[in-house]
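One structure is given below, encoded as structure tokens.
The values are calculated or read from the model by the stated rules, or taken from the named source; none is laboratory data. Given the structure is predicted, the values throughout are model-derived calculations rather than measurements. Cβ placement follows ideal geometry from the backbone for every residue including glycine, while neighbour counts extend to all protein chains displayed. Keep in mind that these areas ignore ligands, DNA and RNA; they rest on the heavy atoms of the full protein, side chains included. Shrake-Rupley method; radii C 1.70, N 1.55, O 1.52, S 1.80 Å.
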Amino acid sequence: MLNTVTERYEAFFKQKNVVTDFLAVLEEKTGVKKQYTATGAVSIVALYLLFGYGASLLCNLIGFAYPAYASIKAIESNNKEDDTKWLTYWVVYGLFSVAEFFSDIFLFWFPFYYAGKVRCFGELYVKVKRLFEHKNSKKFTGAGFTKFLRKMLRHFLVKFQDACMNVPTCTS
């Protein structure tokens with residue numbers, strides 16, 4: 001298992017994206033390998049999530065910043081599938097936020113709650129990514145996630161669609 005984590009870690013640095021470009025610039029300016037910089041940054045964030053004051057803000061920024069960036073890029077592209085991918089993320093994020101609103105007073109007292117919440121956001125990133133990149137693959141693991149969205153959530157929303165669309169407005 002450690003070998004697969006190490007392989008994925010090394011493969012990440014070989015990819016071309018915003019993060020690896022930024023790490024390459026830092027490596028060029030400081031002379032510190034980008035693997036060390038990334039490991040240090042992740043360690044600091046993890047420790048802050050575990051023990052820092054204001055971990056809630058950092059946790060919500062992690063769950064919001066990259067998806068917001070990716071959503072804007074998806075809207076600007078001509079591909080409809082990436083729009084659907086990030087809309088799916090925001091629906092689940094919204095459900096999580098509403099549920100957390102009512103349970104936060106209790107969950108706050110659990111040790112390492114915010115670290116667990118960030119892990120859930122990470123799992124959500126991965127599930128949404130797999131949902132659209134590996135639809136026809138036999139190894140697809142997001143089937144339960146898809147069933148939940150299509151059956152449970154859609155059924156609930158369609159049931160109350162007429163009530164939501166017939167809300168009186170003040171612009172008459």
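Given T30, T20, which one is open to solvent by less than 50 Å² (accessible area, probe 1.4 Å) and either β-branched (V, I, T) or touching a Pro at 6+ places or on another chain (Cβ under 8 Å) (or both)?
On the way: T30 fails: open to solvent by less than 50 Å² (accessible area, probe 1.4 Å).
Matching residue, one of T30, T20: T20.
Can you tell me which condition L50 does not meet? The list is (1) free of Cβ contacts under 8 Å to residues at least 40 places away in the same chain; (2) open to solvent by 50 Å² or more (accessible area, probe 1.4 Å), and all the others hold.
(1)
Out of all the residues in region 121-133, which are within 23 Å of V45 (Cα to Cα) and surrounded by 13 or more Cβ atoms within 10 Å (Cβ to Cβ)? Lay out the reasoning, then the answer.
Let us first name the residues in region 121-133 that are within 23 Å of V45 (Cα to Cα), namely 121-127.
Across region 121-133, the qualifying residues are F121, L124, Y125, K127.
Among the helices (runs of 4 or more DSSP H) confined wholly to region 1-107, which include 1 or more residues that are within 16 Å of C120 (Cβ to Cβ)?
Details: elements: 2-14, 18-30, 34-51, 55-76, 80-107.
Helices (runs of 4 or more DSSP H) meeting the threshold: 34-51, 55-76, 80-107.
May I ask you to list pairs of residues, at least six apart or on different chains, whose Cβ atoms are under 8 Å apart, with the first in region 15-38 being without any contact (Cβ under 8 Å) to a residue 12 or more places away in the chain and more than 24 Å from P67 (Cβ to Cβ) and the second being part of a helix (DSSP H, G or I) and open to solvent by 50 Å² or more (accessible area, probe 1.4 Å)?
V32/L26; K33/E27
Are any of the residues in region 66-73 more than 16 Å from the chain's Cα centre (by Cα) and among the β-branched types (V, I, T)? Walk me through how you get there before you give the answer.
From region 66-73, those more than 16 Å from the chain's Cα centre (by Cα) are none; that's our starting set.
Taking every residue of region 66-73 in turn, none turns out to be more than 16 Å from the chain's Cα centre (by Cα) and among the β-branched types (V, I, T).
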